[in-house]
Amino acid sequence: AKPKSDVEWAIYRASRQPGPGQYSTEHLLKKGNGGKFSTAKPKSDVEWTIYRASQQPGPGDYEYKASNADMKGGKFSAAKPKSDVEWAIYRAGQQPGPGDYEYKPSNADMKGGKFSTAKPKSDVEWQMYRASQQPGPGDYDLDKGKKKRGIKISEAKPKSDVEWAIYRASRQPGPGQYSTDHLLNKGRGGKFSTAKPKSDVEWRMYRAAQIPGPTDYSVDLFSIGGRTSEDVTRPASSQNVSRQVRPCFCVRLHLTANICTFWHAYITF
């Protein structure tokens, strides 16, 4: 038997009691209008404890099975574990002894390292080896060396600085060896001007020569008050001889007609 736990008993008791919506009060309302006191006798705590104890099996109610196949619980171990000394003996027995190793003279299958059995040369032996690889004084073949395309000492005689200066000077023409006629005809470069420009005095004389002088003007007519010289006559003394009036002095001074009229009026006044 499997007794119920406290939680299962609480669920069971709750399932036996009606819920809030499961009460039917219609028959109570039809029979009586008022309520009444309950005549039930509920169990006390001691009675409930006795009741719950009666529902649980006692010590003699359990069925014991000799076979442990169906048992799911634990049990005390019956094993005898090895002690530290026994484990040390066991591990020592698993390892090979000094005489259990199989020695193979061939090292082909060995993947590990080994101590070197080589005998390296010392510094003195290396110097002796390098000296033996080099030819001695009598080991050189001079005839054989001439056939090779190696380096040889130059037999050239290069020019000195003075000789180079003489050579460069000989390649340049002298002062009287230049011919400038073809350069002047073909060249497009500049040259020194051979013109003789006029001085300031000569330019003034040239401009003065281009300007006419006082006697270079040719004046046939003159105007005084709108009349020409042909209309102006002056009677003679007694012979009544008329002659042409000479141009006035204003024309020679290059005065305008208004100034000339003013001048003649001033003289007449």
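Descriptive notes on the structure:
- Condition check for LYS111: modelled with pLDDT under 90, out of contact with any Leu (no Cβ under 9 Å at 6 or more places or on another chain), within 30 Å of ALA1 (Cα to Cα) and open to solvent by 80 Å² or more (accessible area, probe 1.4 Å): no
- Inclusion of GLN172 among residues that are modelled with pLDDT of 80 or more and open to solvent by 100 Å² or more (accessible area, probe 1.4 Å) is warranted.
- Scan of the stretch 151-165 for residues that are surrounded by 10 or more Cβ atoms within 10 Å (Cβ to Cβ) and outside any helix (DSSP H, G or I), ordered by number: LYS159
The values are calculated or read from the model by the stated rules, or taken from the named source; none is laboratory data. Given the structure is predicted, the values throughout are model-derived calculations rather than measurements. Virtual Cβ from ideal backbone geometry, glycine too; neighbours counted across all protein chains shown. In case anyone asks, the SASA skips ligands and DNA or RNA and just uses the protein heavy atoms, side chains included. Shrake-Rupley method; radii C 1.70, N 1.55, O 1.52, S 1.80 Å.
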